[in-house]
1. Which pairs turn up if I take residues in region 250-273 that are assigned to a helix (DSSP H, G or I) and look for partners that are aromatic (Phe, Trp, Tyr) and open to solvent by 20 Å² or more (accessible area, probe 1.4 Å) with beta carbon separation below 9 Å, at least 6 apart in sequence or on another chain?
2. Kindly provide the set of residues from region 92-109 that are open to solvent by less than 10 Å² (accessible area, probe 1.4 Å) and either over 24 Å from Ile276 (Cβ atoms) or β-branched (Val, Ile, Thr) (or both), ordered by number.
3. Restricting attention to region 322-341, report how many residues are part of a loop (DSSP other than H, G, I, E, B) and more than 16 Å from the ligand (Cβ to nearest atom).
4. Would it be correct to say that Glu196 is closer than 22 Å to Ala112 by Cα, away from the ligand (no atom under 16 Å from the Cβ) and in a helix (DSSP H, G or I)?
5. Condition first: open to solvent by 20 Å² or more (accessible area, probe 1.4 Å), away from the ligand (no atom under 15 Å from the Cβ) and closer than 18 Å to Thr353 by Cα. Now tell me which residues in region 118-149 satisfy that.
6. Residue check, Leu28 against (1) at pLDDT below 95; (2) surrounded by fewer than 16 Cβ atoms within 10 Å (Cβ to Cβ); (3) not basic (Lys, Arg), all met but one. Which one?
7. Among the residues of region 307-321, are any within 23 Å of the chain's Cα centre (by Cα), in a helix (DSSP H, G or I) and over 24 Å from Met131 (Cα atoms)?
Amino acid sequence: MLQPSARLKNLPPYFFSVIGDRIRQMQLEKIKVYRLDIGNPDMPPPSAVIESLATSASNPKNHGYNSYRGTPAFRRALAKHYQRRFGVTLDPNIEILPLLGSKEGIVNLSLAHLSKGDIALVPDIGYPAYMMGARLAEAEVHWVKLDPAHGYRPSLHNIPADILKRAKIMWINYPNNPTGAMINLTDYNEIASFCEKHDILLISDNPYMDVLYDGATAPSALQADADRSHVLEFFSFSKSFNMAGWRLGAALGSKEAIDNLLAIKSNIDSAHFTPIYDAGITALETPQSWLDERNGAYQRRRDRIMAVLPHIGLSADVPHGSLYVWAKVLDGDANGYVESALTKAHVSLAPGTAYGPGGDGFVRFSLGTPDDDLTESLNALQSWFKNR
Ligand SMILES: Cc1ncc(COP(=O)(O)O)c(C=O)c1O
């Protein structure tokens, strides 16, 4: 009998993989299931991005392996983007590394910086890959509570001194998945200088920096005053430009962290082919009007969900960024709620506990659902809830 590794035995199943299998089974039984659980943009990327991919792919020279650092033109375009958008100067040769999406970067960065006995400071609540990356590296997770009373900031001063001594990396993410919380530069400064003081690498996982509502803005952690050696940011094309399936992102900042990440990645994966980088360069030139229009569509969906929550036993703060509504289950049993919504209303929601122990009592709605499906799913939830 085949035995998986101890590492794998220690790994909890990935929620979206398990729920995906379950939904496929329901679909085989001819049940239409509405997926409000996963943050998967339903709208296409800007058309110029697709044209750029096609043009570049028609060049016979563009199909071979690339350098592990991607193309220089792609790195230069990202450096220009950060300069223009945040006033941050980056050396494209040593401070930028393309990723196959930030999820890959999260796990490989964990492998590059964590050993047995080390600790990763992981937000409770947060994107599950932070915790999974630490487990895959056979390191320990210390959950850092996000404090709702303070805009879901990490409660840094509650981290015990012995934990801080063993902590090597700390993850943060604003605009936040799952809460939609935002951050300002003062808070980035505080968190970055805390990490620098304790010799911890701060990684700002920032895939929602372009998914903003109500005129909100999102700074970069690389704008913080702290020494650059201790700060890394992950940029992702998935949510910024509706390119989730393309698997394109980048790590920017600490040269040391990038060198370590590259040492792992060059043994595990290879770079994209040139047309993906060329399309990424075009994406970075997307006019603000395209982003505003796309965000307007998400914002209208957010408002529709917010209006229905009081009728389905939920309440939430209005999110000003990210792709989610983080809703409290008023009778407290979030897992029961998610199960009944799926089996009775055929609407799949993400249970709060998928994001850490602090998510108990909450469910997450994604805004990446087509308008018609959203209408039908909100109707289905209301009639299920009324007739419970
Ligand atoms: C906070 C956060 N980080 C990373 C990712 C993964 O992004 P990518 O598609 O770039 O791997 C997601 C996806 O939902 C996310 O919510």
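The values are calculated or read from the model by the stated rules, or taken from the named source; none is laboratory data. Everything quoted here is computed from the prediction, not taken from an experiment. For neighbour counting, all protein chains shown are included, and Cβ atoms are generated from backbone atoms with ideal geometry for every residue, glycine included. The protein model used for the area step is the full one, side chains on, heavy atoms only, and it has no ligands, DNA or RNA in it. Shrake-Rupley method; radii C 1.70, N 1.55, O 1.52, S 1.80 Å.
1. If the second residue must be aromatic (Phe, Trp, Tyr) and open to solvent by 20 Å² or more (accessible area, probe 1.4 Å), the pairs left are Leu262/Tyr68; Lys265/Tyr68; Ser266/Tyr68.
2. Answer for region 92-109, where residues must be open to solvent by less than 10 Å² (accessible area, probe 1.4 Å) and either over 24 Å from Ile276 (Cβ atoms) or β-branched (Val, Ile, Thr) (or both): Ile96, Ile106.
3. Qualifying residue count for the region: 4.
4. So Glu196 passes the test.
5. Answer for region 118-149, where residues must be open to solvent by 20 Å² or more (accessible area, probe 1.4 Å), away from the ligand (no atom under 15 Å from the Cβ) and closer than 18 Å to Thr353 by Cα: Arg135, Val141, His142, Trp143, Lys145, Asp147, Pro148.
6. Every listed condition holds for Leu28 apart from (1).
7. Checking region 307-321: not a single residue is within 23 Å of the chain's Cα centre (by Cα), in a helix (DSSP H, G or I) and over 24 Å from Met131 (Cα atoms).
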